[in-house]
1. Based on the mean of other beta carbon atoms within 10 Å per residue, what is the order of 230-241, 139-150, 194-205, 116-127, most packed first?
2. For the pairs K163/K385; K33/K273; K163/K297; K23/K183, note any where the Cα-Cα span goes beyond 30 Å.
3. In debye to the nearest 20, how big a dipole does the chain give about its Cα centre with +1 on each Lys and Arg Cβ and -1 on each Asp and Glu Cβ?
4. How are the Cα pair distances of the chain distributed, in percent, across 10 Å bins from 0?
5. How are the Cα pair distances of region 1-80 distributed, in percent, across 10 Å bins from 0?
6. Could you work out how much longer the chain between F89 and A388 gets when fully extended? Use 0.36 nm per residue separation minus the Cα distance between them, nm to one decimal.
7. If I model a spin label as a point 7 Å beyond the Cα along the Cα-Cβ vector, how far apart are those points for E298 and D354 in nm?
8. Mean 1/r over all different Cα pairs, inverted: what Kirkwood radius does region 94-174 give, in Å?
Amino acid sequence: MSNITPNNLDAFWMPFTANRQFKSNPRMLVSAKGMHYTNAEGGQVLDGTAGLWCCNAGHGQPRIVEAVTRQITELDYAPAFQMGHPKVFELAARISAMLPTGLDHVFFTNSGSESVDTALKIALAYHRARGDGARTRLIGRERGYHGVGFGGISVGGIVTNRKNFGTLLAGVDHMPHTHLPEKNAFSRGIPEYGAELADELERIVTLHDASTIAAVIVEPVAGSTGVIMPPKGYLERLRKICDTHGILLIFDEVITGFGRLGTAFATDYFGVKPDMITMAKGLTGGTIPMGGVAVSKEIYDTFMNGPENMIELFHGYTYSGHPVAAAAGLATLDCYKEDGLFERANDLAGYWEDAVHSLKGCPHVIDIRNLGLIGAIELESIPGKPTARAFEAFLKCYLQ
Ligand SMILES: Cc1ncc(COP(=O)(O)O)c(C=O)c1O
């Protein structure tokens, strides 16, 4: 028998956390309401990041709580393979109605990471289904974050998330990132310089030949790497190059989806339509894990071929379209609509921009960037101690 006591913090291996540091000085959140957490000491903590960019409707929304409670009583689980339940179909239809015309079908997952791996697999299988199976290369971008599955870290570009995990997927290449502080520091909104970095995709196409490339995946606004906005005209150029060469364009909208920029998705904000959109987080307001991949009609229709009794895509998860998550998703979409939350995000964006940029000139602030309701304040590192200053700032905010 284990000699670990129930209240011991040792047993839980915390994700993306300095475990020993945390366990010697824990920060325990015990409840949440609106935009605040309450911690174990009874303090109020402003949730300035909406959880992990996921609680877009705020905490403790009664409509979501009620829908989840009702659903778990009525139908707690239903297999998604060869069977269905009504709410997941309704949710898919509601999401496609929010997306640009032509992005008409949604495949459900349980997280952003699974959504990314799903989208990459669909891209490969799509080209094969079209008889173009030599298109196996996937192109990501330096500093990209696409979750932690092997597909996601392969196309991702954050060295710490990649270096310990072997050779990763073969046949992946990366475009350069678009963070140009020497030209774009303290930009308000979309930065002016750097659209030409999209042309690096042309160089990669020339190197490998378009006939070997399946898809390009980017975050329209990169989040986890420290927030990088696309330079003016950059996404349009990527779209054009992909079109020229028959390459699928995937927008990873796991953080930009569901109102972060004051529009339903970043595709609306930028007016650039990808072939697939990955989503998660705000889909259920962070309440119940759920992700999804929206795909174009062209992609879906390509799979709907062959004998009708055959499974068209050998992919899916036990919890794909879980009834409780689907109920949470529907109630979350109701909150966004009924409370006009995307419009409110849009209305607040100017105020937010002025507020974050008012910190210019504060000690150690070397850049401030913003878009929609995203704001990043970059602090100069302490020499020889990467991340130490940011962690110090984080602790000060937590203890406020
Ligand atoms: C752009 C992007 N893609 C994928 C993910 C992974 O999502 P998850 O942690 O739900 O697997 C994240 C998470 O932050 C993300 O920001």
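1. Working: 230-241: 20.4, 139-150: 22.6, 194-205: 18.4, 116-127: 24.4.
Result, highest mean Cβ count within 10 Å first: 116-127, 139-150, 230-241, 194-205.
2. Exceeds cut-off: K33/K273; K163/K297; K23/K183.
3. Computed about the Cα centre, the dipole is about 780 debye.
4. 5, 21, 31, 27, 13, 3, 0
5. P(r) over region 1-80, rounded to whole percents: 14, 29, 33, 22, 2.
6. 103.0 nm
7. If labels sit at E298 and D354, their model points lie 4.4 nm apart.
8. Evaluated over region 94-174, this radius sits at 13.9 Å.
Just so you know, all these numbers are worked out from the coordinates, no wet-lab data involved. Nothing here was measured: the structure is a model prediction, and the numbers come from that model. Glycine also receives a Cβ, built like all others from the backbone with ideal geometry; neighbour counts cover every protein chain displayed.
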